[in-house]
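Enquirer: Can you read through this structure? Questions will come right after.
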Amino acid sequence: QVQLVESGGGLVQPGGSLRLSCVASGFTFSGYYTRWYRQSPGKERELVATSIEGASYYADSVKGRFTISRDKAKNTVYLQMNSLKPEDTGVYYCGAYSGSVKYWGQGTQVTVSS
């Protein structure tokens, strides 16, 4: 019943933008901190962004370009990605965490290429 569904991925040119969405069902994001990860073949999983009680944290590789946010009414977490680079390519996953409880989605593919 608990489910996170990511969407918004796709093919975008370098310098372009995408907004990823993560919709929760079976629970609400309130009381959880949320994260976005990305994974590319041959690379280690990278923590891209974290949101906890209004504070946001970003990997150095995306700082200044990505923004994590929430819409509580829609029970949705977003990752706004601007000035995209080819190295941003990968599968992006959202997760929700509270203590030892962890939920995550199936991921959405982002490809940055000309």
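Enquirer: Nearest 20 debye, what's the magnitude of the dipole of the stretch 1-99 about its Cα centre given +1 on Lys and Arg Cβ and -1 on Asp and Glu Cβ?
Expert: It works out to roughly 140 debye.
Enquirer: For the stretch 43-52, in order, what is each residue's ³J(HN,Hα) by Karplus, 6.51 cos²θ - 1.76 cosθ + 1.60 with θ = phi - 60°, in whole Hz (x at glycine and Pro)?
Expert: Values per residue, Gly and Pro as x: 10, 6, 4, 10, 7, 8, 7, 9, 10, 8 Hz.
Enquirer: I need the GluC sites (Glu not before Pro) found in the stretch 40-88, filtered to DSSP loop residues with at most 12 other beta carbons within 10 Å of theirs. It would help to have the intermediate numbers written out before the result.
Expert: Values: sites: GLU44, GLU46, GLU53, GLU87; in loops: GLU44, GLU53.
Taking the stretch 40-88 and a limit of 12 other Cβ atoms within 10 Å, the loop GluC sites (Glu not before Pro) found are GLU44, GLU53.
Enquirer: Further, regarding this structure: If you keep only loop residues by DSSP, which trypsin sites (Lys or Arg not before Pro) in the stretch 53-112 have at most 15 other Cβ atoms within 10 Å of their Cβ?
Expert: For trypsin sites (Lys or Arg not before Pro) across the stretch 53-112 that sit outside H, G, I, E and B with at most 15 neighbouring Cβ atoms in 10 Å, the list reads LYS63, ARG65.
Enquirer: To continue, here is another question. Pairs of alpha-carbon atoms within less than 8 angstrom and 6+ residues apart define the contacts here; what relative contact order does the chain have, in percent?
Expert: This gives 37 percent for the chain.
Enquirer: Next question, about the same structure. Full extension from SER25 to THR111: what is 0.36 nm times the residue separation minus their Cα-Cα distance, to one decimal in nm?
Expert: 28.3 nm
Enquirer: Which far-off residues, 5 or more places away or on another chain, put their amide H under 5 Å from the one on GLY107, with H placed in the peptide plane?
Expert: GLU6, CYS94
Enquirer: One quarter of the convex hull surface, Cα atoms only: what value does that give for the stretch 18-65 in nm²?
Expert: Quarter of the Cα hull surface area: 4.5 nm².
Enquirer: Report the calculated FRET efficiency for GLU46 and VAL101 (r = Cβ-Cβ distance, R0 = 25 Å), to the nearest 0.05.
Expert: 0.65
Enquirer: List the equivalent ellipsoid semi-axes of the stretch 1-99 in whole Å, largest first, each obtained as the square root of 5λ for an eigenvalue λ of the Cα gyration tensor. Numbers along the way, then the final one.
Expert: Values: eigenvalues 99, 38, 35 Å².
In descending order, the three semi-axes are 22, 14, 13 Å.
Enquirer: Using Cα positions and a limit of under 15 Å, work out the aspartates and glutamates in reach of LYS85, with same-chain residues fewer than 8 apart set aside.
Expert: Straight-distance partners of LYS85: ASP60.
Coordinate-derived values only; no laboratory data. These numbers were taken from a predicted model, which means no experiment stands behind them. Neighbour counts are summed over all protein chains in view; Cβ atoms, including those assigned to glycine, are modelled from backbone coordinates with ideal geometry.
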